[in-house]
Amino acid sequence: MKTKAKSNGAALRNKRLKQRIAAGRPRKEGERYPSGDIKRSETQKDVLGVVTEARVRLHNIPIDLIRDQKAGSTLGRMCIDKKVTDEEYKAGFWYAEEMERYYRATGIQSPNPRAQDLFAIHSHDGEVSTDAQTRARKASSRFIRLETVLLSCQSGPQVRTTVFNVCIHDIEHLRMMSSFQLDLLKRGLQALMFEKALVS
């Protein structure tokens, strides 16, 4: 008797499950991880196709330069447009790397939204190792030095803000900046080129 009740209950559960599946979205097909999450099937070719199409449509990048690293940032696209030189682009890229290193070492959230993990915003937890302190101290010294380099240019605060907005914030509309702003940007990048040469 119990076996029959169990089989009736199982049959009823299966029937309800089938009704729910039929009423809602069909179950996704595909290989799954042990957790039940579906394995993503995008290949590198698919991802590159999406990126390529976006770079052509949104940023008007020439087809032959689509896969160039420069096409991935505002400063790089300005280099492609011949508004800044390759050396100025490298100096700006170096500046962005140094700044990101500073943010990571000190636990400060990066101002660049592309570099942010919104679920991991916190500073250091309690005790910090001596190595971490040393890295943070060195990164802070580099940060202060770079700020000084940019602020010591003619119209220093404007130069610093322009370089920061292009290299760190990566603000796309600045690609079409005025000649006055472009002069400020180039002034800052050339000062960074000189500083990079001293450090190297």
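Considering the conditions (1) of a type in the set (Gly, Ala, Ser); (2) surrounded by 15 or more Cβ atoms within 10 Å (Cβ to Cβ); (3) modelled with pLDDT under 90, Gly107 is excluded by exactly one of them, (2). A Cβ distance below 7 Å, combined with a sequence gap of six or more or placement on separate chains, defines the contacts here; from the stretch 162-189, residues that are in a loop (DSSP other than H, G, I, E, B) reach residues that are surrounded by fewer than 18 Cβ atoms within 10 Å (Cβ to Cβ) and charged (D, E, K, R) in the pairs Asp170/Arg114. When each of Glu97, Glu87, Glu29 is tested for being outside the structural domain of Leu192 (by TED's automatic domain parsing) and at pLDDT 65 or above, the lone residue that passes is Glu29.
When Glu195 is tested against (1) acidic (Asp, Glu); (2) on the phi > 0 side of the Ramachandran plot; (3) part of a helix (DSSP H, G or I), exactly one condition is not met: (2). Selection within the stretch 156-198: residues that are farther than 22 Å from Pro111 by Cα and among the acidic types (Asp, Glu). The member of this set that is surrounded by the most Cβ atoms within 10 Å (Cβ to Cβ) is Glu195.
The values are calculated or read from the model by the stated rules, or taken from the named source; none is laboratory data. Computed from a predicted structure; not experimentally measured. Every residue, glycine as well, gets a Cβ built from its backbone with ideal geometry; the counts of neighbours run over all protein chains shown.
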